[in-house]
Amino acid sequence: MRVAENEVGRRIERFKAAAQAAGVKLTHQRLEIFREVASSLAHPDADAVFREVKRRMPTVSLDTVYRTLWLLDDLDLITTLGPRRDRVRFDANLEHHHHYVCERCGLARDFTSTALNALPIPDAVKRLGSVVSSHVEVRGICGVCAKEKTTRTSLPVARRQGEHRRKKRQRRS
Ligand SMILES: [Zn+2]
Ligand SMILES: [Zn+2]
């Protein structure tokens, strides 16, 4: 699944402008690494980006992919999902959106909701510090995994089938 071509083009123009403004050299490798994140709907982690980019540029290293992804994060061109201690996943969709995450296969998909955009931030959060942005992560077992479930031995996660927990957390944008 890929992002629409005109949206990818828009993201790449934003990347070029941000790189120029920050005095960051626009190398072919950086551009291709950004293009991969910008055109994926999968919220790939560094390994997944590396695998895809390597097909077009066999000389690219995983280290370069990591450093470039964090550079793009510093330039606010991409954001990350989930706690940093886990495998970090990168997201080039900067519009206000929310995530559905499958707890078994890790599928992550964007969705939009004006109702969720307007969720009030509790005072308890405001007492902890300023709020830059927030988004909702809906977790569950995706349709594909739910079908496969019957063929697998019972893992604890199977109990959670159909359960959708909502978690609201802060994320820097
Ligand atoms: Zn799944
Ligand atoms: Zn997203």
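The values are calculated or read from the model by the stated rules, or taken from the named source; none is laboratory data. Just so you know, these numbers come straight off a predicted model, no measurement behind them. When we count neighbours, we look across all protein chains shown, and the Cβ atoms used for this are built from the backbone with ideal geometry, even at glycine. Side chains are part of the model used for accessible areas, which takes the heavy atoms of the whole protein and leaves out ligands, DNA and RNA. Shrake-Rupley method; radii C 1.70, N 1.55, O 1.52, S 1.80 Å.
Just the residues that are in a loop (DSSP other than H, G, I, E, B) and either at pLDDT below 85 or more than 12 Å from ligand 1 (Cβ to nearest atom) (or both), please, taken from the stretch 138-151. Hits for the stretch 138-151: nothing passes. Restrict the check to the stretch 78-93 and report whether at least one residue is in contact with a helix residue (DSSP H, G or I) (Cβ under 8 Å, 6 or more places away or on another chain), touching a residue at least 24 places away in the same chain (Cβ under 8 Å) and open to solvent by 70 Å² or more (accessible area, probe 1.4 Å). Scanning the stretch 78-93, I find at least one residue that is in contact with a helix residue (DSSP H, G or I) (Cβ under 8 Å, 6 or more places away or on another chain), touching a residue at least 24 places away in the same chain (Cβ under 8 Å) and open to solvent by 70 Å² or more (accessible area, probe 1.4 Å), so the answer is yes. For D123, are the conditions met, namely being acidic (D, E), away from ligand 1 (no atom under 16 Å from the Cβ) and over 23 Å from F34 (Cβ atoms)? Judged against the criteria, D123 is a match. Contact map, the stretch 9-27: residues that are under 13 Å from D74 (Cα atoms) paired with residues that are open to solvent by 60 Å² or more (accessible area, probe 1.4 Å) and assigned to a loop (DSSP other than H, G, I, E, B), Cβ distance under 6 Å, separation 6+ or inter-chain. Pairs shown: A19/L26. Determine, yes or no, whether C105 is open to solvent by less than 10 Å² (accessible area, probe 1.4 Å) and either within 16 Å of ligand 1 (Cβ to nearest atom) or free of Cβ contacts under 8 Å to residues at least 40 places away in the same chain (or both). Considered against the rule, which asks whether it is open to solvent by less than 10 Å² (accessible area, probe 1.4 Å) and either within 16 Å of ligand 1 (Cβ to nearest atom) or free of Cβ contacts under 8 Å to residues at least 40 places away in the same chain (or both), C105 comes out as no. If the condition is being more than 16 Å from ligand 2 (Cβ to nearest atom) and not in a loop (DSSP other than H, G, I, E, B), then the stretch 107-121 contributes T114, A115.
Matching residues to (1) touching a Gly at 6+ places or on another chain (Cβ under 6 Å); (2) part of a loop (DSSP other than H, G, I, E, B); (3) more than 16 Å from ligand 2 (Cβ to nearest atom):
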residue: V49; (1), (2), (3): no, no, no
residue: Y66; (1), (2), (3): no, no, yes
residue: T80; (1), (2), (3): no, no, no
residue: N93; (1), (2), (3): no, yes, no
residue: C105; (1), (2), (3): no, yes, yes
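The C-beta contact set for the stretch 124-135 (first residue at negative phi, second residue of a type in the set (S, T, Y) and open to solvent by 60 Å² or more (accessible area, probe 1.4 Å), distance under 6 angstrom, 6+ apart or interchain) comprises V132/S173; S133/S173.
Scanning the stretch 52-72 for residues that are more than 30 Å from E137 (Cβ to Cβ) and open to solvent by less than 10 Å² (accessible area, probe 1.4 Å) returns a single hit, V60.
Checking the stretch 125-134 against the condition returns a match, with at least one residue being open to solvent by 90 Å² or more (accessible area, probe 1.4 Å), closer than 26 Å to A18 by Cβ and at pLDDT below 90.
For the stretch 10-30, give me each residue that is assigned to a helix (DSSP H, G or I) and open to solvent by 30 Å² or more (accessible area, probe 1.4 Å).
Scanning the stretch 10-30 gives R10, E13, R14, K16, A17, Q20, A21, A22, H28, Q29, R30.
From the list S173, S154, the lone residue that is open to solvent by less than 100 Å² (accessible area, probe 1.4 Å), outside any strand (DSSP E or B) and at pLDDT below 65 is S173. When the residues of the stretch 31-51 are filtered to those that are over 18 Å from G106 (Cβ atoms) and open to solvent by less than 70 Å² (accessible area, probe 1.4 Å), the one that is nearest to the chain's Cα centre (by Cα) is A38.
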